[in-house]
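Student: Have a look at the structure that comes next, please.
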Amino acid sequence: MSAALPEPGVEGRAHTSPSSRLRSSRGGPNRRAERLPATVSILVYGAAGTLTLFALCWTLWHGLDEGGVALAFGGLVAVGELARWGAGGSEREPAPLGAAGALAYALLGEVGGRPTHHGVFQVIAVVVAAALVGAVPHVALGRGPALSHLARRVLTVGFAAACFQPLYNAGKLGEWAGQGPGFAVVIVALLVLTALCDAVLAAAMAYARTRWPFGPLLRDELRAMPGIGSAVCATGAVMALAVAVAGLWALPVFSLPLLLTQLSFGRYAAVRTTYRQTIASLARSTEIAGYTPQGHARRVAALSRAVGRELGLSAPDLAVLEYAALMHDIGQLSLVDPVPAGATAALPDAEQRRIALLGGAVVRQTGVNGAVAVVVERQADPYREQPLTARIVRTANAYDEMARTEGPGGPLNALERLRLATGRDYQPEVVEALARVLSRGGHSLPPVG
């Protein structure tokens with residue numbers, strides 16, 4: 001979920017933001033840590049931009065080698081971009097056919113038994129030009145590719161081409177691996193290295209964008225590699241090897257299965273989006289009925305997800321956590337009299353558990369993942385008996401309720417109250433993770449109150 005905590009107060013305001021007060025209370029941020037995400041972005045985008053500019057200028061000056069081959073692979077990349085399954089903000093590679101075609105061109109040594117002579121810079125130039133052509137309709141519709149995906153594509157393809165083309169053109173690969181199974185093993189090894197490079201780039205750019213811990217982000221990227229990433233790499237390798245033997249006719253034959261997979265995955269992504277929108281609509285029912293304040297469920301979900309990231313939860317656990325946080329108050333719909341301001345954290349323990357159990361029962365009847373219902377049911381249990389996801393929801397909910405009701409100093413006072421209650425009600429590690437999220441300015445969190 002995306003929004004933001006209140007920005008630091010502009011000149012003339014009477015109060016500073018909650019995030020600035022939290023930073024002041026902790027003695028100020030580590031300036032090196034604050035600058036690191038910006039440095040990562042500058043390095044990645046600077047390297048991608050410089051490489052692209054140099055490759056385009058080099059290719060324009062020297063001209064295209066094997067123009068027909070370049071046109072065929074450029075057309076494949078453009079078709080892949082045209083068939084992308086979502087906006088540029090997609091979490092995973094939104095144009096796998098384009099990525100596979102780009103990798104195949106980077107690892108191409110022969111066409112129908114005839115050696116090719118295109119180099120690293122021509123590979124990058126053709127891939128960038130084709131990607132831009134394929135992105136034109138999406139840009140016209142206002143959903144063009146994100147710069148992060150374009151930068152990753154340039155650097156990943158450049159890495160693969162730099163590992164393969166100079167060695168192949170110099171005849172070294174033929175000497176080391178021959179032309180049989182050994183050559184295929186070399187191709188697969190290069191693709192594995194390329195996939196690892198792409199995972200590191202994706203995690204680094206996500207870190208620069210969100211400031212979430214790099215380790216869990218890289219772990220999620222590595223876990224996703226056996227999925228669409230392996231299909232992209234396998235298709236790229238097969239295309240390169242098949243074109244080397246059969247010529248350009250192999251391109252449509254081996255690209256069709258991945259294109260069909262891409263279209264099917266696009267429909268699956270649309271179903272997931274609808275599923276999430278349905279859960280968000282259910283969560284708003286307590287606000288519409290007047291049981292909870294406007295935006296409370298959204299704020300708790302954003303806080304919970306950020307804290308879960310800080311604590312290193314995996315992507316599936318984060319999804320369960322976010323859905324449970326959105327629906328954590330749905331049990332209040334079973335109450336005859338609403339709780340004042342929906343503040344369940346101040347209720348007696350027995351009443352909190354009753355509302356949580358009612359909420360879990362409602363969630364189970366909606367057909368949502370049973371793990372979400374478990375978190376909703378157990379959010380009011382003693383924290384030592386709760387799963388970590390329930391501890392996070394309990395803490396985020398209490399923080400939002402306290403921060404909302406204590407005036408200008410609410411965020412800071414709420415955090416101090418949570419710390420004082422860590423021995424009994426809240427897990428200390430969760431509270432400190434929440435403090436770190438807030439001290440960074442909460443770039444992905446909605447405003448309180």
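Student: Which ranges mark the helices (runs of 4 or more DSSP H) fully within the range 7-117 that have 3 or more residues being modelled with pLDDT of 90 or more and touching a helix residue (DSSP H, G or I) at 6+ places or on another chain (Cβ under 9 Å)?
Tutor: In the range 7-117, the matching helices (runs of 4 or more DSSP H) lie at 31-62, 67-82, 96-106.
Student: Taking Arg211, is it surrounded by 17 or more Cβ atoms within 10 Å (Cβ to Cβ) and within 14 Å of the chain's Cα centre (by Cα)?
Tutor: yes
Student: Another question, if that's okay. Scan the range 372-397 for residues that are in contact with a His (Cβ under 8 Å, 6 or more places away or on another chain) and either open to solvent by 40 Å² or more (accessible area, probe 1.4 Å) or free of Cβ contacts under 8 Å to residues at least 12 places away in the same chain (or both) and jot them down.
Tutor: none
Student: Moving on. So Arg223 ticks every box in (1) surrounded by fewer than 21 Cβ atoms within 10 Å (Cβ to Cβ); (2) free of Cβ contacts under 8 Å to residues at least 24 places away in the same chain; (3) more than 15 Å from Ala160 (Cα to Cα) but one. Which box is left unticked?
Tutor: Among (1) surrounded by fewer than 21 Cβ atoms within 10 Å (Cβ to Cβ); (2) free of Cβ contacts under 8 Å to residues at least 24 places away in the same chain; (3) more than 15 Å from Ala160 (Cα to Cα), Arg223 violates only (2).
Student: When you look at Leu263, is it outside any helix (DSSP H, G or I) and open to solvent by 40 Å² or more (accessible area, probe 1.4 Å), yes or no?
Tutor: Values: outside any helix (DSSP H, G or I): no; open to solvent by 40 Å² or more (accessible area, probe 1.4 Å): yes.
No.
Student: Report, by residue number, each residue of the range 311-331 that is touching a residue at least 24 places away in the same chain (Cβ under 8 Å) and closer than 16 Å to Ala280 by Cα.
Tutor: Looking only at the range 311-331, we keep the residues that are touching a residue at least 24 places away in the same chain (Cβ under 8 Å), and these are 311-315, 317, 320-331.
Within the range 311-331, Val320, Leu321, Glu322, Tyr323, Ala324, Ala325, Leu326, Met327, His328, Asp329, Ile330, Gly331 meet the criteria.
Student: Scan the range 275-312 residue by residue and report those that are open to solvent by 50 Å² or more (accessible area, probe 1.4 Å) and touching a helix residue (DSSP H, G or I) at 6+ places or on another chain (Cβ under 6 Å).
Tutor: Selection gives Gln294, Leu311.
Student: While we're here: Kindly list, by first and then second residue, each pair from a residue in the range 226-246 that is open to solvent by 20 Å² or more (accessible area, probe 1.4 Å) to a residue that is among the basic types (Lys, Arg) and at pLDDT below 85, limited to pairs with Cβ atoms under 6 Å and residues at least 6 apart or on different chains.
Tutor: Pairs that qualify, where the first residue is open to solvent by 20 Å² or more (accessible area, probe 1.4 Å) and the partner is among the basic types (Lys, Arg) and at pLDDT below 85, are Ile228/Arg92.
Student: Quick test for you: out of Gly112, Gly119, Gly144, pick the one residue that is touching a His at 6+ places or on another chain (Cβ under 8 Å) and surrounded by fewer than 21 Cβ atoms within 10 Å (Cβ to Cβ).
Tutor: Matching residue, one of Gly112, Gly119, Gly144: Gly144.
Student: While we're here: Hey, which of the helices (runs of 4 or more DSSP H) in the range 151-256, taking only ones fully inside, have at least 1 residues that are under 21 Å from Leu71 (Cα atoms)? Let's see the steps before the verdict.
Tutor: Details: elements: 172-177, 181-210, 214-224, 230-246.
Passing ranges, in order: 230-246.
Student: Checking Pro166 against (1) open to solvent by less than 30 Å² (accessible area, probe 1.4 Å); (2) under 21 Å from Thr116 (Cα atoms): exactly one of these is not met. Which one?
Tutor: Result: Pro166 passes all but (1).
Student: Report yes if Ala125 is surrounded by fewer than 21 Cβ atoms within 10 Å (Cβ to Cβ), modelled with pLDDT of 90 or more and among the aliphatic types (A, V, I, L, M), otherwise no.
Tutor: no
Student: Go through the range 360-371 residue by residue and tally those that are in contact (Cβ under 8 Å) with a residue 60 or more places away in the chain and either buried (at least 19 other Cβ atoms within 10 Å of the Cβ) or under 18 Å from Ala396 (Cβ atoms) (or both).
Tutor: Selection size over the range 360-371: 1.
Student: Which count do you get for residues in the range 323-343 that are over 14 Å from Gln379 (Cβ atoms), open to solvent by less than 20 Å² (accessible area, probe 1.4 Å) and acidic (Asp, Glu)?
Tutor: 0
Student: Within the range 334-350, which residues are at pLDDT 80 or above and over 21 Å from Ala403 (Cα atoms)?
Tutor: Hit for the range 334-350 is Ala350, nothing else.
The values are calculated or read from the model by the stated rules, or taken from the named source; none is laboratory data. Predicted model only: the values in this text are computed from it and were never measured. Heads up, the Cβs are rebuilt from the backbone with ideal geometry, glycines too, and the neighbour counts pull from every protein chain shown. The area values use the complete protein model at the heavy-atom level, side chains included, leaving out ligands, DNA and RNA. Shrake-Rupley method; radii C 1.70, N 1.55, O 1.52, S 1.80 Å.
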